Amino acid sequence: MVLGVAVQAAHVFLGFGDAVWAQIGNPVEIATGATVCALCGARALLVQRERAAWAVLAVALAMYVAGASAWALWLEELQPPPFPSIADALWLAIYPGSHVAMGLLLRGRMRRFPVSVWFDGLLASCASSRCGSCARRSCRRARGTTRTCRCA
């Protein structure tokens, strides 16, 4: 998992070769996501404290990995790739799931959780979902190169 994150960070931040990334990018993303999903799922199964939050996060990550797998194994090869696709729906499912998990984790750690905090979280959730969907769409259009991604 650490190696996968390091390779992806080298590509994004250091401009690691686009031709190489086009070959290994999808497998690295899927393997890293599946590992993180398995770790969150194991945490939910093995530790009773905050089980619901970790289970929700594991399901959200599993949906993301399913979207990445659908894209890599099926949709990427279609000409033109469909938009929107089932992969888009699965990718976007990570946002509400991760925000619900974060809310559950915060609720267990804060004595007072006013409604205004929930609204702030909802606003941040909507903003991050928008940026995530835009970035994912532009990266897919770039066909394997994240150096040309732009979010308008």
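Every read-out reported here was derived from the displayed coordinates using simple, explicitly stated rules and does not represent laboratory data. These numbers were taken from a predicted model, which means no experiment stands behind them. Don't worry about glycine lacking a Cβ; one is built from the backbone with ideal geometry, like all the others, and counts go over all protein chains shown.
Data table
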quantity: Where labels lie 7 Å past Cα in the beta-carbon direction, separation of Ala127 and Leu14 in nm; calculated: 3.2
quantity: Rough spin-label spacing in nm, given labels placed 7 Å along Cα→Cβ, for Leu78 and Ala52; calculated: 3.7
quantity: Cβ-based net charge around Ala53, under 15 Å, with every Lys or Arg adding one and every Asp or Glu removing one; calculated: +4
